[in-house]
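A.B. asks: Quick one: the structure is below, and I'll ask about it shortly.
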Amino acid sequence: MSPGAAGHGQDEGSGTPLPSTPLLPVEAVPARYPGRWASAIVCLVLVALLARAFVESPHIQWPAVAEYLTAEAVLNGLWLTIVLTFAAQAIGIVGGIILATMTISPNPVLKSVAGAYIWLFRGTPALIQIIFWFNIGLIFPDIFLGIPWTDIGIKVETNVVITPLIAAVIALGLNEAAYMSEIVRAGIISIDRGQSEAAAAIGLTHGQSMRYVILPQAVRTIIPPTGNELIGMLKNTSLVSVISAQELLTSVQQIYAMNFLTIELLIVASIWYLVMTTFATVAQGYLERFFDRGARRPARAGIAPLLRALFGRTGRRMGGGAHQ
């Protein structure tokens, strides 16, 4: 046995057990990270200085911010923003699922049509699409609903049907469908091919296999990016201000065009956008855990899920280097 070793052993020559020696105490020294502390302090100081300069600026009338935060015109715009977001996102999700199933379909015509749609709507800016749908009456002045190649039906002016709100919902929804199709497709192809083969083995058609086997499993993968798309949609609704849809940004623009409190009204709009995106982020976190139940340990009750939903996992201590 080598000198200095601790614990029981045997003499190499005679095989006689040697007396046990006490284990030497080990003095653990925690790792130090002075660079982390220094960078954190510098960052906090800069943020504090910026916040102070912003709050104490004599050019911002904070009482006006508080006054217009709950103004009727602003709340009406806020409500229209929420309606517009959920309507467009619903169209995007349904359209995305249809396009994704067409993309992976064995039918080459369906696959080609879906590919052309995604190419067209992802390749052009959403702003152009909004303006295009708002002016669709220039191409089709009337909308005819009836039997084709006959005069039996109803004809209405396009501009009567396609209002700014309808144009915004159609444009944002169809644009979102192109992006959602790629998200759904990625979720579908993440499922092992054996699942499709097993579904086919028990006699399910391609559509039944997608509906009963593949899509329920793919939801777990689809939910996180869909939440991000919803948050993005909340902000993209501000694009419809170009066609004067009375959403949140348009509402504040109309107010500051009269009272010239531009920064104050933009702060009001920013506060409401932050509130909406925060609620959407928290809801996304709970929805992810709902569909992920059984695959992970149950989440603890309390404020921890909220903090994780807002800021993600921050389990490492700054100076200790160990998980909390």
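Residue by residue, here is whether (1) more than 29 Å from Pro106 (Cα to Cα); (2) touching a strand residue (DSSP E or B) at 6+ places or on another chain (Cβ under 8 Å); (3) at pLDDT 90 or above; (4) not aliphatic (A, V, I, L, M) holds:
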site: Ile130; (1), (2), (3), (4): yes, no, yes, no
site: Pro148; (1), (2), (3), (4): yes, no, no, yes
site: Gly153; (1), (2), (3), (4): yes, yes, no, yes
site: Gly173; (1), (2), (3), (4): no, no, yes, yes
site: Met180; (1), (2), (3), (4): no, no, yes, no
site: Ile191; (1), (2), (3), (4): no, no, no, no
site: Ala201; (1), (2), (3), (4): no, no, no, no
site: Gln208; (1), (2), (3), (4): no, no, no, yes
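A.B. asks: Pairs please, first residue from the stretch 167-188 and of a type in the set (A, V, I, L, M, F, W, C), second anywhere and outside any helix (DSSP H, G or I), Cβ atoms under 7 Å, 6+ apart in sequence or on different chains.
C.D. replies: Going by the 7 Å Cβ cut-off, the qualifying pairs are Ala168/Ala245; Ile188/Ile104.
A.B. asks: Enumerate the helices (runs of 4 or more DSSP H) found wholly within the stretch 124-201, keeping only those where 2 or more residues are of a type in the set (Gly, Ala, Ser) and touching a Leu at 6+ places or on another chain (Cβ under 8 Å).
C.D. replies: Per the criteria, 164-189.
A.B. asks: Based on what the data block shows, is Thr250 in a helix (DSSP H, G or I), of a type in the set (Ser, Thr, Tyr) and open to solvent by less than 40 Å² (accessible area, probe 1.4 Å)?
C.D. replies: Taking the combined requirement at face value, the residue satisfies it.
A.B. asks: Continuing with this model, one more query. Are there any pairs, at least 6 apart or on different chains, whose C-beta atoms fall under 9 Å, with the first in the stretch 257-285 and on the phi > 0 side of the Ramachandran plot and in a helix (DSSP H, G or I) and the second among the β-branched types (Val, Ile, Thr) and at pLDDT 95 or above, and if so, which?
C.D. replies: Note: no pairs meet the criteria.
A.B. asks: As an exercise: evaluate Gly146 against (1) farther than 30 Å from Arg220 by Cα; (2) touching a residue at least 12 places away in the same chain (Cβ under 8 Å) and give the number of the one condition it does not meet.
C.D. replies: (2)
The values are calculated or read from the model by the stated rules, or taken from the named source; none is laboratory data. Values in this document were obtained by computation on a predicted structure and should not be read as measured data. Methodologically, a virtual Cβ is constructed for each residue, glycine included, from the backbone with ideal geometry; neighbour enumeration extends over all protein chains shown. Protein only, heavy atoms only, side chains kept; ligands, DNA and RNA dropped before computing areas. Shrake-Rupley method; radii C 1.70, N 1.55, O 1.52, S 1.80 Å.
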